[in-house]
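Below you'll find the structure, written out as structure tokens, and then a few comments.
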Amino acid sequence: MAEPLIKMRGITKRFGGVTALSNVDLDAYAGEVLAIVGDNGAGKSTLIKVLTGVYQPTEGDIFLDDKPVRFSSHAEATAMGIDAVYQTLALADHLDPAANMFLGNELTRKVAGITFLDNKRMRSETERVLMERLGVRLKSMDAPTESLSGGQRQAVAIARAVYHEDLRVLVMDEPTAALGPQETARTLKLIETVKAQGIAVILISHSLDDVFQVSDRVHVQRRGRRVGVVKTSESNTQEVLGMIVGAEEAA
Ligand SMILES: Nc1ncnc2c1ncn2[C@@H]1O[C@H](COP(=O)(O)OP(=O)(O)O)[C@@H](O)[C@H]1O
Ligand SMILES: [Mg+2]
């Protein structure tokens with residue numbers, strides 16, 4: 001296998017007296033799905049918030065392409081091609097899909113020196129990215145995003161991330177938590193589509209079914225530590241569950 005695209009080394013994160021992460025290493029490769037699993041409070045969200053620049057580590061280093069990087073904000077991580085889609089999706093539900101796609105980043109055009117929103121181009125770009133990158137056509141481009149299904153809303157959020165042509169790492173925190181079986185299947189398919197474009201996908205999930213369906217490797221967190229990494233094809237839910245709860249405690 002090639003060198004990891006992302007290497008996190010010795011990451012510790014303390015919030016006052018609480019140690020959320022303790023000397024954690026993480027590797028993520030281009031074109032793979034790395035699942036992160038662990039009980040509530042195991043440090044999953046904190047770990048990916050450190051990776052995406054939301055938090056700064058108390059100790060430890062992050063390497064992108066083997067070069068040390070340091071993000072003092074989420075915007076800095078995004079500029080380096082690392083983005084995240086959270087469970088809440090952070091979509092503006094009352095706006096249409098194109099407005100969501102370009103939220104805070106609107107395309108404009110000038111007519112007689114006056115700047116207007118270029119709604120037509122934002123819409124055609126949204127349709128293009130959804131189709132070309134994700135193979136998705138939305139039910140409606142006019143309706144507020146809240147009227148779309150969970151899977152289609154997910155597609156809009158992912159499209160917004162992959163619109164950056166230089167996207168290299170996409171983090172998804174519990175993307176299927178609020179979805180039914182059919183929408184979950186569609187979302188897993190989207191994850192495979194993104195992975196096939198050479199992007200490193202990091203998937204946080206409570207569903208070991210999802211994890212075993214879509215991931216290549218599984219990183220297990222317990223009480224702020226990485227307790228192991230397994231190849232999905234060489235492991236099973238039983239083994240991973242044992243690591244999540246702690247083998248000695250389960251025995
Ligand atoms: N902003 C914060 N301030 C204080 N403690 C935090 C904060 N964020 C997370 N923690 C603590 O760090 C630990 C790990 O939390 P988290 O990363 O959210 O775990 P997970 O996502 O695996 O459920 C927990 O004990 C949690 O209470
Ligand atoms: Mg969490």
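Miscellaneous remarks
- Pairs with Cβ under 7 Å, 6+ apart, first in segment 56-69 and acidic (Asp, Glu), second open to solvent by 80 Å² or more (accessible area, probe 1.4 Å) and outside any strand (DSSP E or B): Asp66/Glu3
- Test: residue in segment 33-51 that is in contact with a Ser or Thr (Cβ under 8 Å, 6 or more places away or on another chain) and among the basic types (Lys, Arg): no
- Restricted to segment 29-41, and to residues there that are in contact (Cβ under 8 Å) with a residue 40 or more places away in the chain and surrounded by fewer than 23 Cβ atoms within 10 Å (Cβ to Cβ), the residue that is nearest to ligand 2 (Cβ to nearest atom) is Gly41.
- Residue within segment 67-74 that is away from ligand 2 (no atom under 16 Å from the Cβ) and basic (Lys, Arg) present: yes
- Test: residue in segment 140-160 that is in a loop (DSSP other than H, G, I, E, B), of a type outside the set (A, V, I, L, M, F, W, C) and in contact with a Gly (Cβ under 6 Å, 6 or more places away or on another chain): no
- So Leu190, is it closer than 23 Å to Pro97 by Cα and in contact with a helix residue (DSSP H, G or I) (Cβ under 7 Å, 6 or more places away or on another chain): yes
- Restricting Ser124, Ser149 to residues that are closer than 20 Å to Tyr86 by Cβ, out of contact with any Leu (no Cβ under 8 Å at 6 or more places or on another chain) and open to solvent by 20 Å² or more (accessible area, probe 1.4 Å) narrows the list to Ser149.
- Wholly within segment 51-93, strands (runs of 3 or more DSSP E) carrying at least 3 residues that are within 21 Å of Asp25 (Cα to Cα) and open to solvent by 70 Å² or more (accessible area, probe 1.4 Å): none
- The residues on offer are Ala35, Ala28, Ala42, and the sole one that is out of contact with any Pro (no Cβ under 8 Å at 6 or more places or on another chain), assigned by TED's automatic domain parsing to the domain that holds Thr237, more than 10 Å from ligand 1 (Cβ to nearest atom) and under 25 Å from Leu241 (Cα atoms) is Ala35.
- Screening Pro97 against (1) open to solvent by less than 70 Å² (accessible area, probe 1.4 Å); (2) more than 27 Å from Thr232 (Cβ to Cβ); (3) within 16 Å of ligand 2 (Cβ to nearest atom) leaves a single unmet condition, (3).
The values are calculated or read from the model by the stated rules, or taken from the named source; none is laboratory data. Computed from a prediction, not measured in an experiment: that's the story for all the values here. Don't worry about glycine lacking a Cβ; one is built from the backbone with ideal geometry, like all the others, and counts go over all protein chains shown. The accessibility values were calculated without ligands, DNA or RNA, using every heavy atom of the protein model including side chains. Shrake-Rupley method; radii C 1.70, N 1.55, O 1.52, S 1.80 Å.
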